[in-house]
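Scroll down for the structure; my scribbles are underneath it.
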Amino acid sequence: MKNREYQQIDPQALATPTPTPPPRPLPEHKPRRARRRWEVFPGKNRFYCDGRMIVARQSGVLPLTLGLILLTSGLFFIFDCPFLVKHLTSCIPAIGGVLFVFVIISLLQTSFTDPGILPRATPEEAADIEKQIDNPTGSSSSYRPPPRTKEVVINQQVVKLKYCFTCKIFRPPRTSHCSLCDNCVERFDHHCPWVGNCVGKRNYRFFYTFIVSLSFLTAFIFGCVTTHLALRSQGGNGLVFALQASPASALELVVCFFSVWSILGLSGFHTYLVATNLTTNEDIKGSWSGKSGNEDVGNPYSYNSIIKNCCSVLCGPMPPSLIDRRGFVPSDDSVQTSPVEIELPAAKNDINMCTQGTKGLLETASRSPLLTSSCPQAKPQAVLEPLPEIVPEPPKTPHKHHSHHRSKAKQSTHHTPKTSNSSPRPHHSHSSRRKDSKNRDPKFSSLR
Amino acid sequence: NTFLPAATVDRLSFHNLQELRHSASLATKVFIQRDYRDGTICKFQTKFPAELDSRIERSLFEETLKTLNCYYAEAEKIGGQSYLEGCLACATAYIIFLCMETRYEMILKKISMYIQEQNEKIYTPRGLLLTDPVERGMRVVSFAKSQDGPAGFGSPSSAHSPARSNQLSP
């Protein structure tokens, strides 16, 4: 049906003199669909929902985090709440419910939001930067030249901007390259394995909300479970009887007891960071604490007012994602060997192009709302200006085993823990990786 | 059905865009880097590059860049409206970010229209094409100099809409 219609429209304008004009001249049986930019993204990230959600390639222990929260909260609502509602007040599950919702939503937003990834430089930009840098040692390609830095004075402080060899840019201030994700992230705080993503400019407020609400939730559950057991063991029954009557409470008690200290400590630490407008990265490196003995060093980004710092970090404007995930890759890039989009013969007739184009359009329209990607023309097709030269690096081993994933405390990878903690978290990271594919949360199909 | 007439129009205007982009990709590029002296806010250097000396007057260039810097400063301003947006977002567990367009995005759209207008009025007649920094990760403002001189880039007027709608969708 489609073929017949196609021939009726314009049989004589076909350039190739084939007797049976195929709708597509290339030997593939189906047209190569237009690829979205997330499919050729060079960093080590994973994308879900056709590029709407982004996580680090190593999801770390995010399934474990989710599982523990869901398990503990579930046990609380099922086993403790009925007793407490009967004996105390029905506000308890209400408060618990609100906290639980906040925790889950902010966790998912932290994990699935672009933390502020900077796209890599186009070849022209990289070449332009190279021209501006003097290389006195001569051009030897066998070794990496010494790290290039640029100095800039911010608020009477000298700040060194380093050159990133992977992304080929001079990193803006407070930007750092995450080796796990292989991306430069703006206002890089740390890479959190518990949420399976970097924490940076765009998702720091979600992360902070997550740890604060989680500390409230764990403290709340801990308090409620203790009250529950105390009430049950009244009247001379004893604690053992109470535990036998409600064994789930024992599990919750253990989990909450060990996690409340670490999470409260982490919340406190990050509250300090927010109040002084610092990042974990800067705090660990001691960038502004004058460790090198220089007394003039101070944080140039701080507003010197706690309230203003808090407001700017947590309530500041939300910048948009700079990486274009859902745009289409132009077909003239060096990655593909044959033209992408819908293959149609190179025709000189405009009308023919339009009519042939509409056929391809109808096909792509069923896939995506964007119409601009499938122009059947012999010339190289550039939907956007050349981002296509970014050649994706071949993915390295997708599941690197990092020893810090097995750490017991949340903050041991990030900073020296304020409190000693040795929560006996089970090591489910192997099995948790298998579950990664099940992590597509249908609720958040369009997170930025 | 509704796609057909729009597709034809898009197709023809898209060819203009293709011409424009194609010649832009062959042109030499001049990059204006970020100015970090005020911190991490988005601001571009207003120093006039020597390569554009023959093509455009210094005052026009500086005017464009200063206006862009103002737009970005307004987007990143921490004031009443941004606090309101931030607090409301926090209270709703940031779900409103999924439903609502943020102030920053609205200003980015304004910037994009401004750049298009500047291109039409000032830069394309002089053989230059200004690209929106948001397409370059906010790192640079890039001017593409056509090799053919002032006639190089043709008419961009109808060409921008398909690419823009592509760019600004979340």
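The values are calculated or read from the model by the stated rules, or taken from the named source; none is laboratory data. Keep in mind that this is a model prediction, so the values were computed, not measured. Every residue, glycine as well, gets a Cβ built from its backbone with ideal geometry; the counts of neighbours run over all protein chains shown. Calculation scope for accessible area: heavy atoms of the full protein, side chains included, ligands and nucleic acids excluded. Shrake-Rupley method; radii C 1.70, N 1.55, O 1.52, S 1.80 Å.
Things worth noting here:
- Neighbours by Cβ (under 8 Å, 6+ apart or cross-chain): first from the range B:85-103, at the interface with chain A (Cβ under 7 Å from one of its Cβ atoms); second open to solvent by 60 Å² or more (accessible area, probe 1.4 Å): B:93/A:101; B:103/B:81
- Failed item, numbered, when residue B:109 is tested on (1) within 11 Å of chain A (Cβ to nearest Cβ); (2) crowded, with 16+ Cβ neighbours inside 10 Å; (3) at pLDDT 90 or above: (2)
- Among (1) under 19 Å from residue A:96 (Cα atoms); (2) out of contact with any Asp or Glu (no Cβ under 8 Å at 6 or more places or on another chain) - the single one residue A:228 does not satisfy: (2)
- Exactly one residue out of A:289, A:302, A:262 is away from every other protein chain (no Cβ under 14 Å) and in a loop (DSSP other than H, G, I, E, B): that is A:289.
Yes or no, residue by residue, for (1) in a helix (DSSP H, G or I); (2) open to solvent by less than 30 Å² (accessible area, probe 1.4 Å); (3) out of contact with any Phe, Trp or Tyr (no Cβ under 7 Å at 6 or more places or on another chain):
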| residue | (1), (2), (3) |
| --- | --- |
| B:51 | yes, no, yes |
| B:55 | no, no, yes |
| B:61 | yes, yes, no |
| B:64 | yes, yes, yes |
| B:82 | yes, yes, yes |
| B:93 | no, yes, no |
| B:119 | yes, yes, yes |
| B:122 | yes, yes, yes |
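- Every listed requirement among (1) closer than 30 Å to residue A:154 by Cα; (2) free of Cβ contacts under 8 Å to residues at least 40 places away in the same chain is met by residue A:279 save one, (2).
- Conditions (1) at pLDDT below 60; (2) closer than 22 Å to residue B:129 by Cα; (3) more than 9 Å from every other protein chain (Cβ to nearest Cβ): number failed by residue B:27: (1)
- Residue check for residue A:218: at pLDDT 90 or above, open to solvent by less than 50 Å² (accessible area, probe 1.4 Å) and farther than 30 Å from residue A:76 by Cβ: no
- Per the listing A:100, A:77, the residue uniquely open to solvent by 50 Å² or more (accessible area, probe 1.4 Å) and modelled with pLDDT of 90 or more is A:77.
- Scanning the range A:77-100 for residues that are under 30 Å from the mean Cα position of the chain (by Cα) and aromatic (Phe, Trp, Tyr) gives a single hit, A:100.
- Filtering the range A:105-125 to residues that are open to solvent by 20 Å² or more (accessible area, probe 1.4 Å) and more than 9 Å from chain B (Cβ to nearest Cβ) leaves only A:123.
- Of all residues in the range B:27-49 being part of a loop (DSSP other than H, G, I, E, B) and among the aromatic types (Phe, Trp, Tyr), the one that is farthest from residue B:108 (Cα to Cα): B:48
- Complete set of residues in the range A:38-67 that are assigned to a helix (DSSP H, G or I) and surrounded by fewer than 18 Cβ atoms within 10 Å (Cβ to Cβ): A:39, A:40, A:67
Per-residue answers, yes or no, for (1) open to solvent by less than 10 Å² (accessible area, probe 1.4 Å); (2) over 12 Å from the mean Cα position of the chain (by Cα); (3) in the same structural domain as residue A:278 (by the TED database):
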position	(1), (2), (3)
A:149	no, yes, no
A:153	no, yes, no
A:156	no, yes, no
A:163	no, yes, no
A:167	yes, yes, no
A:177	no, yes, no
A:181	yes, no, no
A:193	yes, no, yes
A:196	yes, no, yes
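- Summed over the range A:305-332, residues that are open to solvent by less than 20 Å² (accessible area, probe 1.4 Å), modelled with pLDDT under 75 and within 11 Å of chain B (Cβ to nearest Cβ) total 3.
- Where residue B:101 falls short, out of the listed (1) open to solvent by less than 30 Å² (accessible area, probe 1.4 Å); (2) not in a helix (DSSP H, G or I): (1)
- Meets criteria (buried (at least 21 other Cβ atoms within 10 Å of the Cβ), modelled with pLDDT under 90 and in contact with a helix residue (DSSP H, G or I) (Cβ under 9 Å, 6 or more places away or on another chain)) for residue A:249: yes
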